[in-house]
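Working notes, structure below.
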């Protein structure tokens, strides 16, 4: 499995830098996993749950389901790279099937910490405005109860985004990845879609997903200790785990590195990290993110994070402007302002080029350029 520096958010702030870096470098689990693990009850052929939301951000509200009309509900988040990558395709489909299919993007799982979910509304609204016609369909945002996430996604056993629900006459006829949607719509319009066959396939997939989520329950004490910042306890718990399962081991290794750096056991942390990365270079992003998200480390550690960032530039699928910005942050923390400036200048240059060429839609915005310009100015003041 490869983990890329490809999913950064757009604003680094001191209080949420770890959150940003984690999304910058990619997640350990290859899909975006929800924390809820309740047993799925909603399935293909069921009546869709009620539509409840905090705000209808864009487009015309859906108040009823018209006969012989299809409705697409696409679940996404501003930090989700694959979600943003799918937006142009969904916009094309919305135009292609105008009058036959109504598309609505459903924003869920924004990272709000201890704040109510609706505190994310300004940022989500600004994001939708910034992408413009690249998101040429309806958009809603979940409410404080997270009704859409819980009653739709989790109820249907969907733990990752992007995820698409296709409805006909108020019933769910398909759930899947947005890139597979076009063919399903064509079959549905032509009256050739076999919902019962897909239902069997879908239910089988749900069983496998539930089994996987149950397997991860073993990590709950470790994750609870990480959240509580009880890092010595984290290490003790990891020592008791059976790490023969690759996915369990990846989560445990990430937590171990987090704990070691938090405890300022930097030599041990770096040695363990290097061994882990040697087994799979894709883990370099995770390690770099952990280092940058930890305050008070040595110059050597932050320079190591910058080194990992520079090595990631050769990987496919990365958003280079954000990686350069990440590297600049690492150099700044290391006290190497000269290289921080060089990296931030590259971040700014590549961001401008990306906007001009229409690359990295949803990841590089006008506000990204503004942010990089401001950060570059701050670095130059430190000289």
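Each value in this text was obtained by applying a stated rule to the coordinates, not by laboratory testing. These numbers were taken from a predicted model, which means no experiment stands behind them. Here the Cβ positions follow ideal geometry from the backbone for every residue, glycine too, while neighbour counts run over all protein chains shown.
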Subtracting the Cα-Cα distance from 0.36 nm times the residue separation, let me have the gained length for residue 232 to residue 190 in nm, one decimal.
9.1 nm
Going by Cα centres, the range 222-251 and the range 60-88 are how many Å apart?
37 Å
In nm, spacing of pseudo-spin labels at residue 220 and residue 378 (7 Å Cα→C-beta vector)
4.0 nm
Counting DSSP beta bridges in the range 55-193, what percent are antiparallel, to the nearest 5?
55 percent
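Calculate the FRET efficiency for residue 112 and residue 50 from the Cβ-Cβ distance with a Förster distance of 22 Å, rounded to the nearest 0.05. Show your work: numbers first, answer last.
Working: r = 23 Å, r/R0 = 1.04.
In this case the efficiency is close to 0.45.
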Roughly how far apart, in whole Å, are the Cα centres of the range 325-383 and the range 154-184?
37 Å
Round to the nearest 0.05 the FRET efficiency obtained for residue 370 and residue 208 when R0 = 45 Å and r is the Cβ-Cβ distance.
0.50
Can you tell me how much longer the chain between residue 134 and residue 69 gets when fully stretched, taken as 0.36 nm per residue apart minus their C-alpha distance, in nm with one decimal?
21.0 nm
Can you tell me the FRET efficiency between residue 41 and residue 243 if r is taken as the Cβ-Cβ distance and R0 is 45 Å, rounded to the nearest 0.05?
0.85
Using the Cα gyration tensor of the chain, with a ≥ b ≥ c the square roots of its eigenvalues, what is the shape: rounded (a/c below 1.5), prolate (a/b larger than b/c) or oblate (neither)?
oblate
May I ask you to sort 147, 325 by Cβ crowding, counting other Cβ atoms within 10 Å and putting the fewest first?
147, 325
